[in-house]
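Take a look at the structure set out below.
The values are calculated or read from the model by the stated rules, or taken from the named source; none is laboratory data. Owing to the predicted nature of the structure, the values given are computational and were not obtained by experimental measurement. Here Cβ is always computed from backbone atoms with ideal geometry, including for glycine, and neighbour counts include all displayed protein chains. All accessible areas refer to the heavy atoms of the entire protein, side chains included, with ligands and DNA or RNA removed. Shrake-Rupley method; radii C 1.70, N 1.55, O 1.52, S 1.80 Å.
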Amino acid sequence: MDHLRELRNRLIKAILAFLVGAIVGWLLFDPVWDFLKQPYCSLPQSHVVDKDECSLFVNGIFSSFFLKLKISCIIGAVISSPVWLYQLWAFVAPGLYGRERRWTYVFLGAAVPLFFVGTALAYLTVDKGLAIFLGFVADDVKPLITVDSYLSYVLTMLLVFGLTFELPLFVVVLNLAGVLSSTRIRRSQRMILFGIFVFAAVATPSADPFTMLALALPTVLLFEVAALLAFFNDRRRARRPDPYEGLSDDEASPLDLDAIDAELEKGDAAR
């Protein structure tokens, strides 16, 4: 019951922080929306209706309201992330060992920058994918892009790039935990690289060659860095003597009973 009460308190604090962030996001909607639609507004196809202003369309009465609500919630989640991440950490940390806590610090310290680097790269490539596919539109056809479809495309691009940049980090974590060795990584390197390109082709919403390469090539580079870190970690681990080397899994460890009795007698004498 104590754990459940603590979880409830942590959730309440995280939800309150998210609501405050969503209110701030509601107030910051205009500059954030201008930032999100800028890749589309840089294309000539966005000025087919009004030459002086880029045009996106809504196809429902409540679409504008839900658009503003959705973006406000996204901003609120980002703004309140330090609070709800801390609440999550404060709930989990008491059950971790000191070594596991250090791994968590390393993971979070690398995961957050990698995610934002991925989203920044996605933002820079959004207009390239749009330009490729909108370039196939005939001259006598006007593309009417709805706000919902454009926002879904942009958010999917940001999430796919951001989360994909986290994959090499999991390789390092698995190696630190002793689950994945650098030898196994080298043996499977060709299949992994092929899988990265296949994943980039499937995961990107536009599936155009430029966006696929923009996602696959940095991921391959990050994977090579992760494989190199795993190699150095295995070399460091190999230099340390293994205290369990030579022991059979089916054989009990020998006990020096005389030494144990001597230690017990010393303890009794001290008391």
(message) Under 8 Å for C-alpha pairs, at least 6 residues apart: give me the relative contact order for the range 29-134, rounded to a whole percent.
(response) 37
(request) Can you send over the solvent-accessible area of Ile185, 1.4 Å probe, protein chains only, in Å² to the nearest 10? (result) 10
(message) Once neighbouring chains are kept in place and the probe is 1.4 Å, which whole percent of the accessible area of the chain is contributed by carbon and sulfur?
(response) 68
(message) Using only the heavy atoms of the protein chains and a 1.4 Å probe, how would Cys73, Cys54 rank by accessible area, largest first?
(response) Cys73, Cys54
(request) Mean Kyte-Doolittle of at least 0.0 plus a Cα span of 15 Å or more along the axis: flag which DSSP H helices in the chain meet both, please. (result) 2-27, 63-79, 81-92, 98-134, 147-164, 189-203, 209-238
(request) Return the FRET efficiency for the residue pair Leu7, Ser152: r is the Cβ-Cβ distance, R0 is 35 Å, and the value is rounded to the nearest 0.05. (result) 0.60
(request) Quote the relative contact order of the range 117-178 in percent (integer), defining contacts as alpha-carbon pairs under 8 Å separated by 6+ residues. (result) 59
(request) At 0.36 nm per residue, minus the direct Cα-Cα distance, what do Ala177 and Phe35 gain on full extension? Give it in nm, one decimal, please. (result) 47.1 nm
(request) Over the Cα atoms of the chain, compute the convex hull volume and normalise it per residue, giving Å³. (result) 218
(request) May I ask you to order 9-15, 107-113 by the average number of other C-beta atoms within 10 Å around their residues, highest value first? (result) 9-15, 107-113
(message) Please list, short to long, the whole-number percent of alpha-carbon pairs of the range 114-160 in consecutive 10 angstrom bins beginning at zero.
(response) 23, 48, 23, 6, 0
(request) Provide Val83, Val202, Val171, Val20 ordered by accessible surface of protein heavy atoms (probe 1.4 Å), highest first. (result) Val202, Val20, Val83, Val171
(message) Between Asp234 and Leu144, what is the label-point separation in nm under the 7 Å Cα-to-beta-carbon projection?
(response) 5.9
(message) Before I look further, what does the chain give for accessible area per residue, probe 1.4 Å, in whole square angstrom?
(response) 67
(message) Roughly how far apart, in whole Å, are the Cα centres of the range 156-172 and the range 1-48?
(response) 20
(request) Over the range 53-194, calculate the relative contact order: mean separation of alpha carbon pairs under 8 Å at least 6 apart, over the residue count, as a percent. (result) 36
(message) Probe radius 1.4 Å, ligands and nucleic acids left out: which of Tyr150, Tyr86 has the largest accessible area, and how do the rest follow?
(response) Tyr86, Tyr150
(message) What figure, in Å² to the nearest 10, do you get for the accessible area of Ser206 with a 1.4 Å probe and non-protein molecules left out?
(response) 20
(request) Could I have the simple spin-label model distance between Phe170 and Leu28, label points 7 Å from Cα toward Cβ, reported in nm to one decimal? (result) 2.9
(message) Using the crude model of +1 on Lys and Arg Cβ and -1 on Asp and Glu Cβ, and no other charge, please compute the dipole size for the range 67-177 relative to its Cα centre, in debye to 20.
(response) 440
(message) Rounded to the nearest 10 Å², what accessible area does Leu174 have for a 1.4 Å probe in the complete protein model?
(response) 80
(message) Quick test of your reading: applying the under-4.7 Å Cβ rule, which cysteines of the chain are isolated?
(response) Cys73
(request) Would you mind getting me the FRET efficiency between Leu19 and Phe57? Use the beta-carbon distance for r and R0 = 30 Å, nearest 0.05. (result) 0.45
